[in-house]
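So the structure is just underneath, and the comments pick up after that.
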Amino acid sequence: MACVYDFDKVIERRNTNSFKYDALADTFGRDDLYSLWVADMDFATPDFIRDALRERLNHPVLGYTKPYDSYWQSIIDWTRQHHDWTIEQEWIRYIPGIVKGIAMVLHAFTQAGDKVIIQTPVYHPFRLVPEGMGRVCVENPLRCCDGEHYRMDFDHLESIIDERCKVLILANPHNPIGIVWSREELRRLADIAHRHNIIVISDEIHCDMALYGNRHTPFATVSEAASRCSITFAAPTKTFNIAGLVSSYAIVPDERLREHFFSWMSASELDAPTLFAMVATEAAFTQGEPWREQMLRYVEQNVDFVADYMAEHHPQIRVIKPQASFLVWIDFSALGLSHAELVDFMVNRARLAMNDGAMFGKHGEQFMRMNVGLSRSVLQSALQQLSTAIATL
């Protein structure tokens, strides 16, 4: 009999050194908030992953561990089965987190003063990492066509490229808007990047969380040009709620890029996977499909719940339903508050901790990013608390 997982269960995460909960006071100035910000879910990490970790802990020695074949094969098989992409083991290397991976690519392929293109509004480390390393971020803002759907602006992209542009960081699927990019858009992006000798870092950490029948397309698969200019990052961490285990990996099909990047990582042992990252990854990718399917249906229902609630109680607030991930991009501009007032309102009157849209770029002002990877009862209470606060405006 198939296992039915309980996503309604409320799990207490405070006082576990959870960044999402125990860093509320440091980040927002108070801790009496509904925590709807950091991008991990409040669902229990699947039992088959925890069981695999416990089984390994039954051996009394936790020494240096070499990467083993079944770990690599689990990544290869999952990628082929879910994304129709046949990758070779030699194309894959462990990386100690995707944000760190971005920094490593910039170290390996760029110098101070080089330019990095980002497509705002976008995950804030795409800007913070290059700027912190002395690179120059150049924005290629997404175009909002009809108040709901976003597209890449290729004409603008072509206009900002010069000889100093070395890297473009792509969120695929997009964070925070949750866009599943079409093959045609990705192919056009690849043509431009390859023509200008730009490396595309494709962050595909949400690739296994496509919703509502949408299908993720790996950037490297859309054309020969994409395969030759891309470094893809992925991980089971978002999908299976194991972010604390840091189990990311890079896929580099092009031999020239691969040899340079992988040798650079190997020189400092930055590509050495941790023991528990390998155990968790293999368990997730060999046993995780039933859990993933049930989790995605629950997340879809939560997204629908937020959209329906706003439509009924606050129709002026625009909810952009994601095509992938458990993060919802919400436009609060109709409340008539300045962005600073909106941030203060959410924290000190609605008492909700959400991600300030401005952190994703200036085009995110008046927006908030809401994490709906939690039990529906808690989500409902949070929305009711928002309604109470809005009534006071």
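The values are calculated or read from the model by the stated rules, or taken from the named source; none is laboratory data. Here the structure is a predicted model, which means the values were calculated and not measured. Using ideal geometry, Cβ is built from the backbone for each residue, glycine included, and neighbour counts are taken over all protein chains shown.
Brief remarks follow.
- Residue within segment 182-190 that is among the hydroxyl-bearing types (Ser, Thr, Tyr), in contact with a helix residue (DSSP H, G or I) (Cβ under 7 Å, 6 or more places away or on another chain) and surrounded by fewer than 20 Cβ atoms within 10 Å (Cβ to Cβ) present: no
- Strands (runs of 3 or more DSSP E) lying entirely in segment 127-236 (those with 3 or more residues that are assigned by TED's automatic domain parsing to the domain that holds Phe261, closer than 27 Å to Glu293 by Cβ and touching a residue at least 12 places away in the same chain (Cβ under 8 Å)): 230-234
- Among the candidates Tyr94, Tyr34, residue that is surrounded by 15 or more Cβ atoms within 10 Å (Cβ to Cβ) and either touching a helix residue (DSSP H, G or I) at 6+ places or on another chain (Cβ under 6 Å) or not assigned by TED's automatic domain parsing to the domain that holds Asn175 (or both): Tyr34
- Which listed residue, of Asp6, Asp42, is surrounded by fewer than 16 Cβ atoms within 10 Å (Cβ to Cβ), not assigned by TED's automatic domain parsing to the domain that holds Ser223 and not in a helix (DSSP H, G or I): Asp6
- Residue match in segment 300-307 (condition: crowded, with 19+ Cβ neighbours inside 10 Å, closer than 28 Å to Val129 by Cβ and either under 16 Å from the mean Cα position of the chain (by Cα) or not assigned by TED's automatic domain parsing to the domain that holds Val138 (or both)): no
- Filter pass, Asp356 being without any contact (Cβ under 8 Å) to a residue 60 or more places away in the chain, within 25 Å of Asp8 (Cβ to Cβ) and either out of contact with any Cys (no Cβ under 7 Å at 6 or more places or on another chain) or not basic (Lys, Arg) (or both): no
- Note on segment 237-259: residues that are part of a helix (DSSP H, G or I) and under 20 Å from Asp203 (Cβ atoms) amount to 9.
- Pairs with Cβ under 8 Å, 6+ apart, first in segment 2-24 and free of Cβ contacts under 8 Å to residues at least 12 places away in the same chain, second part of a loop (DSSP other than H, G, I, E, B) and hydroxyl-bearing (Ser, Thr, Tyr): Asp22/Thr16
- Test for Phe240: is it touching a Leu at 6+ places or on another chain (Cβ under 6 Å) and either among the charged types (D, E, K, R) or buried (at least 24 other Cβ atoms within 10 Å of the Cβ) (or both): no
- Filtering Thr79, Thr110 for residues that are surrounded by 14 or more Cβ atoms within 10 Å (Cβ to Cβ), more than 25 Å from Met295 (Cβ to Cβ), hydroxyl-bearing (Ser, Thr, Tyr) and in the same structural domain as Arg183 (by TED's automatic domain parsing) leaves a single hit, Thr110.
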